Amino acid sequence: MRLEQLQAFLAVAETGSFQQAARKCGVTQSTISRQVQALEADLGLPLFHRTAQAKLTLGGERFFPHARKICQEWDNATQELADLLAGKQPELCVAAIHSVCAYTLPPVLQKFGQNYPEVQLRVTSLGSDRALKVLKDGLVDIAIVMNNRFLTASPDLVVDVLYNEPLEILMAGDHPLTQYEAVPWKELGRYPQVLFKDGYGMQRLVQEQFERRGMKLQTALELNTLDAFRGVVRQGEMIALLPKSALIEALSDPSLAIRSIETDKDKLGEPALTRQVVLVTSRDRLQIPPIRRFYELVHELVPANFNQLPGKKQSTPTQPVQVA
């Protein structure tokens, strides 16, 4: 059974004439006759009384509402896909890590809203692992996350690097480690640390770095908001290793201090520790105009916005001292 056979059947039923049905469908009368005959052969019974006027048989009357429903569903489906390709989608869903949502994504949202005012933007702040999962599950269209090659290694995904950013140390303004301009790794192991919760790429990155150096990581707390990190760290000796873009609010807070991590001797001139932020979507989604436009805007604006973020305030270098 083919769609054009159903359409020929409906045309004859609605006009009462094979000749008029042929005109309605833009084909010859013989074509309409062959299509109806083939449909009757598939169904195993006649659909029309072939008299001066084509009249439905009992079988034709029972079949008619089903054929009309099938064709209507087909029309609805093709129209929906045509609207999608024309950029007429009701919403676009994005999952991004906290720092991206707070500091580098807003100009993209504003520009996209000007380009596609009829598309409802839905942005969710999630950890990297969770964001990639909801992308794979089809719950969001685009994810902006810390790279995890184990979760993005799929031929169906498009993964583009946006920027690399250094990690620095957030501590209380009177913390003993403020005596260092660049804190040695061995000193980091002396103090309890605040980490992002499980499912955040930052937790995994920090743990891997300590394991690589054969050091014990003293995990004191696991949190998932930057406000909570600042609130906890300013209270005592706990420290947190956080990316540059997560430290913007701390720059102007006199109760907090930021220090870099001492660079390994074999990597002089490079940041001691960085994370890579990537843009991820699926190949099929890039064929949809609004999603493709959002993807282009992220490439255009997010790296530029990141490069304009304020850096760590420069302080007068002090002679490092051994902390007991």
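The values are calculated or read from the model by the stated rules, or taken from the named source; none is laboratory data. Treat the numbers as computed from the prediction; the structure is a model and nothing was measured. All Cβ positions, even for glycine, are placed from backbone atoms using ideal geometry, and neighbour counts span all protein chains on display. Calculation scope for accessible area: heavy atoms of the full protein, side chains included, ligands and nucleic acids excluded. Shrake-Rupley method; radii C 1.70, N 1.55, O 1.52, S 1.80 Å.
Students often check this: by mean Cβ neighbours within 10 Å, which of 186-194, 301-309 ranks highest, and how do the rest follow? Kindly include the intermediate steps, with their values, before the conclusion.
Values: 186-194: 17.2, 301-309: 15.6.
Output ranking for 186-194, 301-309: 186-194, 301-309.
If I compute solvent accessible area with a 1.4 Å probe over the protein chains, what percent of it on the chain is carbon and sulfur?
Numbers: 8420 of 16770 Å².
About 50 percent, which is the carbon plus sulfur part of the accessible surface.
For region 143-156, just list the computed ³J(HN,Hα) in residue order, Karplus coefficients 6.51, -1.76 and 1.60, θ = phi - 60°, integers in Hz, with x standing in for Gly and Pro.
10, 10, 9, 6, 4, 9, 4, 5, 9, 10, 7, 9, x, 7
Of the cross-linked pairs K197/K244; K111/K197; K69/K111; K186/K244; K111/K244; K136/K244, which ones have a Cα-Cα span greater than 30 Å in the structure shown?
On the way: K197/K244 19 Å; K111/K197 32 Å; K69/K111 42 Å; K186/K244 21 Å; K111/K244 25 Å; K136/K244 28 Å.
The answer is K111/K197; K69/K111.
Multiply the residue separation of T51 and T78 by 0.36 nm, subtract the distance between their alpha-carbon atoms, and state the gained length in nm to one decimal.
Full extension from T51 to T78 adds 6.2 nm.
Scan around R275 for amide H atoms under 5 Å from its own, H built in the peptide plane at 1.01 Å from N, and keep only partners 5 or more places away or cross-chain.
Excluding prolines and chain starts, which carry no amide H, the hits are E165, L167.
Give the span of region 1-124's Cα atoms along each principal axis, as three whole-Å numbers ordered largest to smallest.
The principal-axis extents, from largest down, are 75, 26, 17 Å.
Among residues other than R190 whose Cβ falls under 13 Å from its Cβ, what is the net charge (Lys/Arg +1, Asp/Glu -1)? Don't skip to the answer; put the middle values down first.
Working: positive: K186, K216; negative: E187, E237.
Every neighbour counted, the sum reads 0.
Once you sort the root eigenvalues of the Cα gyration tensor of region 76-160 as a ≥ b ≥ c, which label holds: rounded (a/c under 1.5), prolate (a/b larger than b/c) or oblate (the other case)?
oblate
For the peptides 237-244, 145-152, 288-295, what is the packing order when you average, over each peptide's residues, the other Cβ atoms within 10 Å and list the highest mean first?
Highest mean packing first, the order is 237-244, 288-295, 145-152.
Determine the per residue accessible area of the chain with all protein chains present and a 1.4 angstrom probe, expressed in square angstrom. Don't skip to the answer; put the middle values down first.
Numbers: 16770 Å² over 324 residues.
Value for the chain: 52 Å² per residue.
Show that you can apply the helix-only estimate: for the chain, add -39,500 (n - 2.57) for every DSSP H stretch of four or more residues, divide by all residues, and state [θ] at 222 nm to the nearest 500. The partial results should precede the final answer.
Values: 11 runs with 130 residues, N = 324.
It lands at -12500 deg cm²/dmol.
Convex hull over the Cα atoms of region 12-56, averaged projected area in nm²?
Values: hull surface 11.3 nm².
Averaging across all directions leaves 2.8 nm² for the Cα convex hull.
In whole Hz, what ³J(HN,Hα) sequence does region 95-102 give by Karplus (6.51, -1.76, 1.60; θ = phi - 60°), x for Gly and Pro?
After applying 6.51 cos²θ - 1.76 cosθ + 1.60, I find 10, 9, 5, 4, 5, 5, 4, 7 Hz.
I need two numbers for the chain: Rg to one decimal and Dmax as a whole number, Cα atoms only, in Å.
In Å, with Rg to one decimal and Dmax whole: 31.4, 107.
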